[in-house]
Amino acid sequence: MNDPAVARTESARLRQKQDQEQEQDQERERRRRPRGPRRRATAAVLVRAALIATGLVTVYYVLPLDGRSTTGTSALLACGLLLVLVIFWWEVRAIANSPYPRLKAVEALAATLVLFLLLFAGTYYLLEHSTPGSFSEPLTKTDSLYFTLTTFTTVGYGDVTPRTQTGRVLTMVQMVGGLLLVGVAARILAGAVQAGLRRRGREPSDDFTSRPED
């Protein structure tokens, strides 16, 4: 007569073996997946990110940024920051629905970061031209972008510094915004990536080609 405990043990072992075989089959299936689509997606994302950055920088240099008052400059900055938030929120939703969430997140971060930096560079340029002497030296568009990057990267060479209260307030706003972009925004993008992967039941590395077997 069979022992019920032994039967249950054998049944549990059989289910465990079947689960292991199923996992092995899924792993072999992932290894057999063609690398072409992921490589093309990676290349497309890198190209789009480069084109977006190039396009935004081109618009920054071509767009006439003259003749605004300090109030108009502040209003332009506020509208620009609102636009950055709207674009960022749209990108987060797009990441969750993308077939390659991680790659989409790279594109989203690149677009948001470049737009954020150029927005402040344009604001500094407008402030210096509407209120001369706001900075330690007159600013060209390149000087404004240089100051924006040194502030964002916390390098702070000191050759260009804000002198007026408005200039210093705007610089502090950029500092806080930069911290939020690096910290909070990055976490939100990571959460969107994980949501997109879970929605498709995929492994976190499925949209990259870093695994040796790929």
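The values are calculated or read from the model by the stated rules, or taken from the named source; none is laboratory data. Since the structure is predicted, the reported quantities are computational estimates derived from the model, not experimental observations. Reconstructed Cβ throughout: ideal geometry from the backbone, glycine too, with neighbour counts over all protein chains shown. Only protein heavy atoms, including side chains, enter the accessible area calculation; ligands, DNA and RNA are left aside. Shrake-Rupley method; radii C 1.70, N 1.55, O 1.52, S 1.80 Å.
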Which one is surrounded by the most Cβ atoms within 10 Å (Cβ to Cβ), of the residues in region 113-129 that are of a type in the set (Phe, Trp, Tyr) and within 22 Å of the chain's Cα centre (by Cα)?
-> Phe120
Taking first residues from region 41-65 that are free of Cβ contacts under 8 Å to residues at least 60 places away in the same chain and among the β-branched types (Val, Ile, Thr) and second residues anywhere that are surrounded by 11 or more Cβ atoms within 10 Å (Cβ to Cβ) and in a helix (DSSP H, G or I), the pairs with Cβ under 9 Å that are 6 or more apart or on different chains are Val59/Leu118
Taking only pairs six or more apart or across chains, which ones have beta-carbon atoms under 7 Å, a first residue in region 117-146 that is free of Cβ contacts under 8 Å to residues at least 60 places away in the same chain and farther than 19 Å from Ala53 by Cα, and a second residue that is open to solvent by 40 Å² or more (accessible area, probe 1.4 Å) and assigned to a helix (DSSP H, G or I)?
-> Leu127/Thr70; Leu127/Thr166; Ser134/Thr166
Scope region 153-172; condition on the phi > 0 side of the Ramachandran plot and of a type outside the set (Ser, Thr, Tyr); matching residues = Gly156, Gly158
Looking at region 130-151, which of its residues are in a helix (DSSP H, G or I) and at pLDDT 90 or above?
-> Lys141, Thr142, Asp143, Ser144, Leu145, Tyr146, Phe147, Thr148, Leu149, Thr150, Thr151
Options Pro138, Pro132, Pro99; residue that is closer than 25 Å to Val47 by Cα and open to solvent by 30 Å² or more (accessible area, probe 1.4 Å) = Pro99
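Just wondering, is there one or more residues in region 143-154 that are farther than 19 Å from Val59 by Cα, open to solvent by 30 Å² or more (accessible area, probe 1.4 Å) and out of contact with any Phe, Trp or Tyr (no Cβ under 9 Å at 6 or more places or on another chain)? Spell out how you get there, then give the answer.
So the first thing to find is which residues in region 143-154 are farther than 19 Å from Val59 by Cα, and the list is 150-154.
When the remaining residues are screened for being open to solvent by 30 Å² or more (accessible area, probe 1.4 Å), the result is 152-154.
Narrowing further to those that are out of contact with any Phe, Trp or Tyr (no Cβ under 9 Å at 6 or more places or on another chain): 153-154.
Yes: one or more hits.
Do we have any residue at all in region 82-90 that's in contact with a Leu (Cβ under 6 Å, 6 or more places away or on another chain), buried (at least 16 other Cβ atoms within 10 Å of the Cβ) and closer than 20 Å to Gly183 by Cβ? Steps first, please.
Quick first cut of region 82-90, residues in contact with a Leu (Cβ under 6 Å, 6 or more places away or on another chain) only: 84.
With the extra rule that they be buried (at least 16 other Cβ atoms within 10 Å of the Cβ), the set shrinks to 84.
After this cut, where a residue has to be closer than 20 Å to Gly183 by Cβ as well, the list is 84.
Checked region 82-90: at least one residue is in contact with a Leu (Cβ under 6 Å, 6 or more places away or on another chain), buried (at least 16 other Cβ atoms within 10 Å of the Cβ) and closer than 20 Å to Gly183 by Cβ.
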